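The values are calculated or read from the model by the stated rules, or taken from the named source; none is laboratory data. As the structure is a prediction and not an experimental result, all values here were calculated from the model. Note that we place each Cβ from the backbone using ideal geometry, even for glycine, and neighbour counts take in every protein chain shown.
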């Protein structure tokens, strides 16, 4: 099964020697599910020829805002609408979560409550709790009609969304381990994210996350075109 990774940003230069780029993190997250990955650097205007170029699609995170004026955003939104209309499995993470929401009629803003970084607890509508790493200030403020919120917390009201059972998005980063968060604290957080938030994120680096649970859910969606219950 071919998974097309639509890469909307690049790893900070300081972290590339250790982690390569965002697409590699997703390939590692989804390892063991017999997927073949094809990477399209849409941030650099490299797009697939057709929505049929992959059996499922995944949109990565980015340092950009979905509401900003970048050349790749309008064609990416059009591609999202085509994939969604064709009911091809589609997953969005962080920026991907936000751009899918915006493309389908939702609203994304720079959140007045500030930044969210490091390990967070999310409450699922089925009563479960999941712990995932996050790194964002923008978030989905109002999903489009028909979107179903699957998880939230006090900071992020729409932390996971499902659209029609074949599109799933998550604001947090299941592909980020503690090592990535530590790198972002050192090379992207200083002077941008408030120091108390960075200190808290640093203190939680040793705590476990539920990345594996999200990986299994994402793989199940790609294989069945249905968001797992």
- Test set (1) more than 18 Å from residue 56 (Cα to Cα); (2) surrounded by 18 or more Cβ atoms within 10 Å (Cβ to Cβ); (3) touching a strand residue (DSSP E or B) at 6+ places or on another chain (Cβ under 7 Å) - residue 90 fails condition number: (1)
- Assess whether residue 100 counts as being over 13 Å from the mean Cα position of the chain (by Cα), crowded, with 22+ Cβ neighbours inside 10 Å and either assigned to a helix (DSSP H, G or I) or free of Cβ contacts under 8 Å to residues at least 24 places away in the same chain (or both). no
- Among (1) crowded, with 17+ Cβ neighbours inside 10 Å; (2) modelled with pLDDT under 95; (3) under 22 Å from residue 19 (Cβ atoms), which single condition is residue 192 missing? (1)
- For the range 127-144, how many residues are in contact with a strand residue (DSSP E or B) (Cβ under 7 Å, 6 or more places away or on another chain), under 27 Å from residue 164 (Cβ atoms) and assigned to a loop (DSSP other than H, G, I, E, B)? 1
- Note on the structure: Inside the range 10-30, the number of residues satisfying the requirement of being within 20 Å of residue 216 (Cβ to Cβ), surrounded by fewer than 19 Cβ atoms within 10 Å (Cβ to Cβ) and touching a residue at least 24 places away in the same chain (Cβ under 8 Å) is 1
- Take residue 124 and decide whether it is touching a residue at least 24 places away in the same chain (Cβ under 8 Å), within 14 Å of residue 160 (Cα to Cα) and surrounded by fewer than 22 Cβ atoms within 10 Å (Cβ to Cβ). yes
- Which listed residue is in contact (Cβ under 8 Å) with a residue 24 or more places away in the chain and outside any strand (DSSP E or B), from 76, 58: 76
- Message: I'd like to know if the range 190-198 contains one or more residues that are within 17 Å of residue 93 (Cα to Cα) and either in contact with a helix residue (DSSP H, G or I) (Cβ under 8 Å, 6 or more places away or on another chain) or in contact (Cβ under 8 Å) with a residue 60 or more places away in the chain (or both).
- Response: no
- residue 33, sole failed condition from (1) under 19 Å from residue 139 (Cβ atoms); (2) surrounded by fewer than 20 Cβ atoms within 10 Å (Cβ to Cβ): (1)
- Go through (1) assigned to a strand (DSSP E or B); (2) buried (at least 21 other Cβ atoms within 10 Å of the Cβ) one by one and return the number of the condition residue 148 breaks. (2)
- Query: Only one residue in 211, 204 is in contact (Cβ under 8 Å) with a residue 40 or more places away in the chain and more than 19 Å from the chain's Cα centre (by Cα), so which one is that?
  - Reply: 204
- Residues in the range 103-120 that are buried (at least 17 other Cβ atoms within 10 Å of the Cβ) and under 22 Å from residue 12 (Cα atoms): how many? 5
